[in-house]
Amino acid sequence: MSRNTNPVIAPTRFACEAEIVEGLDTFAAAELRSVRGVDKISPRYPRPDAVTFSFSGQCERLFRLRTIQAVNRVLNFSVPRPKALLGDQHFKQLVTGIREVIALHPADAFRTLGIAAAGAQSSVMQRIRSELAQALNLQSVEDKSDLLVRIRPALEGDGWQCLVRLTPRPLATRSWRVRNYAAALNATVAHVMALLTEPRADDMYVNLCSGSGSLLVERLALGMTGTGMGVECDPHVQMLAMENLAAAGHRCSSHLLTADVRTIPFPDSVANAITADLPFGQASGSHEENIALYPLILKEAARIALPNARFVTITHEVQLFERLLADHTYWQLEQSLMITLRGLHPRIYVLRRI
């Protein structure tokens, strides 16, 4: 069936909820405050991994957010249970709200529809998904979908809410990630780490354990670096990084070096900004390997760092890393951020070269 081509005019102001990485609400709220048309920002509400806000204006501004996982439009319904959403008045309101989201994108940006809810497999939720798919001329799917609608009880008072993701895929799923890697760092976390290096136009920036390039791409995307260098020991993973950097338009502005991060072929005191996604011992590495590796990385990063250089790193090996820092004379701890990522609670550390 052909898509309804009647023009849909988006509302002048609507409620939104941003999905964030828990622990990075300060960065998400700061970025939202920089967007014209955003107000009534409530970090960590309704959950530590969410920010609610009100928005008016061109929604394309929201599509460019870098510290946020996804943005949803919030539709409120004064109904006692989800089944009432199938009633004529409420269903029309829901379909209209979703069409306003669809109208923000080119034709056929949305092809599939999915429902996320407690009891998503219940007959009521299945019927809601089926009837929405028919009304919107979309294919109903169980797994990942272009158009995602979340259904939940209202956060305050009675009623139910439907959250409609504003983009066909999460904002954290960057368009430059054309090659996946199991141990790749979440792009929104990589962006925050890049910001924590305090970027300057003349930076000599080095990304240790650069993997498939998440930190390198997000740092170069800030547009403030003299030289960007990625150091990775696995040549296969370096090839993935090359493709991702090329897709991001940064292949010519970056240099990839296949080398052991414990013995980098750099002279002393050359870098003023360093990052590293250290192996957690989960998707890559092991605790036993990290016991030997971490002190050598800290020492080698200190060797190539200029005085007052920043070293921003992330690890789930919190006890090991903090024990090493306590005995270290090269690095001063400036900041530590605990986040929640894939069910783990790693920390981001901001170090300053003494």
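Worth a mention:
- Sorted by Cβ density within 10 Å, fewest first, the residues MET193, MET242, MET204: MET242, MET204, MET193
- Taken about its Cα centre, segment 14-165 carries a charge dipole of about 120 debye when Lys and Arg each add +1 at the Cβ and Asp and Glu each add -1 at the Cβ.
- Inter-part distance, segment 115-189 to segment 281-354, computed on C-alpha centroids, equals 35 Å.
- Whole-number percent relative contact order across the chain, with pairs defined as alpha carbons under 8 Å at least 6 apart: 13
- Rg and Dmax [Cα atoms of the chain; Å; Rg one decimal, Dmax integer]: 22.7, 71
- Volume of the Cα convex hull of segment 14-165, divided per residue and given in Å³: 110
- Model label sites at ASP202 and ASN76, defined 7 Å from Cα along the beta-carbon direction, differ in position by 5.3 nm.
- Separation of the ARG262 and ALA135 label points, Cα + 7 Å toward Cβ, nm: 6.1
- In nm, spacing of pseudo-spin labels at HIS287 and THR26 (7 Å Cα→C-beta vector): 3.0
- By the count of other C-beta atoms within 10 Å, a proxy for reagent exposure, HIS236, HIS316, HIS345 are ordered fewest to most as HIS236, HIS345, HIS316.
- Segment 241-341 - Rg and Dmax from Cα coordinates, angstrom: 14.7, 42
- Simple point charges give the picture: +1 on the Cβ of Lys and Arg, -1 on the Cβ of Asp and Glu, and for the chain a dipole about the Cα centre of about 1080 debye.
- With neighbour counts taken as other beta-carbon atoms within 10 Å, the residues CYS162, CYS252 rank, fewest first, as CYS252, CYS162.
- FRET efficiency for the pair CYS233 and ARG169, taken as 1/(1 + (r/R0)^6) with r the Cβ-Cβ distance and R0 = 35 Å, rounds to 0.65.
- Placing a label point 7 Å from the Cα of VAL270 along the Cα-to-Cβ direction, the residues of segment 223-237 with a backbone N closer than 14 Å are 227-232.
- Ranked by the mean number of other Cβ atoms within 10 Å per residue, highest first, peptides 16-23, 148-155, 205-212 order as 205-212, 16-23, 148-155.
- For segment 142-159, Karplus couplings with θ = phi - 60° (6.51, -1.76, 1.60), whole Hz, Gly/Pro x: 7, 9, 4, 10, 5, 9, 10, 10, 9, 10, 8, x, 4, 6, 9, x, 8, x
- Dipole axis of the chain (+1 Lys, Arg; -1 Asp, Glu on Cβ), positive-most option in VAL237, VAL38, LEU256: VAL38
Where a number appears in this text, it was derived from the coordinates with a stated rule and is not lab data. None of the values given here were measured: they were computed from a predicted structure. Methodologically, a virtual Cβ is constructed for each residue, glycine included, from the backbone with ideal geometry; neighbour enumeration extends over all protein chains shown.
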